[in-house]
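Data first, discussion second: the structure below is written as structure tokens.
Here, each number is a calculation from the coordinates, and none is a lab measurement. Since the model is a prediction, treat every value here as computed from it, not as a measurement. Glycine also receives a Cβ, built like all others from the backbone with ideal geometry; neighbour counts cover every protein chain displayed.
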Amino acid sequence: MAERNKVEVRIGGKDYTLVGVESEEYMQKVALYIDKKMNEIMRINNKLSTSMASVLSAINVADDYFKAYENVINLNKDLKAANEEIERLKEENRRLTNENAIVSNKNTNFQLELAKREAELSEVRNSLDKITNARL
């Protein structure tokens, strides 16, 4: 079982004892976040009771949560689309690499064929030169 931590925090001007498995630093961070939310609300309307400010703070925190959650969903959709695009591009790269190898092989064959033809042409020219020189 995880070790339980106990931390004293101040939220909305009142002291509370939080107990949890999270680190003391994390619990302080959460309490500070809630305290800031409550202070913002009470600064806007200083006539609110603590319980009303607490409810409005909870609504604001829930709003933050749902917006962040929706953002995570959208980011996950974007990530999925990006991963699909990466896979598509990888497949296209494989296809083009294969196509390039085929074209490169054909190019090599054409170069060999050209070299043979140039050698044949050179032989024909040499033979023609010998015949021409022999007639002269």
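Just to be sure I follow the definition: excluding the sites themselves, where is the longest run in the chain that has none of the trypsin sites (Lys or Arg not before Pro) in a DSSP loop with at most 15 other Cβ atoms within 10 Å?
Of all site-free stretches, the longest is 48-136.
What would the Debye equation give as log₁₀ I(q)/I(0) for the chain at q = 0.10, 0.11, 0.18 Å⁻¹, counting only Cα atoms as equal point scatterers?
Values, matching the q order: -0.68, -0.74, -1.07.
If you average 1/r over every pair of different alpha-carbon atoms in segment 25-102 and take one over that average, what Kirkwood value in Å do you get?
About 16.5 Å, per the Kirkwood formula over Cα pairs.
Expressed in nm², what is the orientationally averaged projection area of the convex hull enclosing the Cα positions of segment 67-113?
3.1
Toward the positive end of the charge dipole of the chain, about the Cα centre and with charges on Cβ (Lys, Arg +1; Asp, Glu -1), which of Leu79, Leu56, Thr108 goes farthest?
After comparing all options, I get Thr108.
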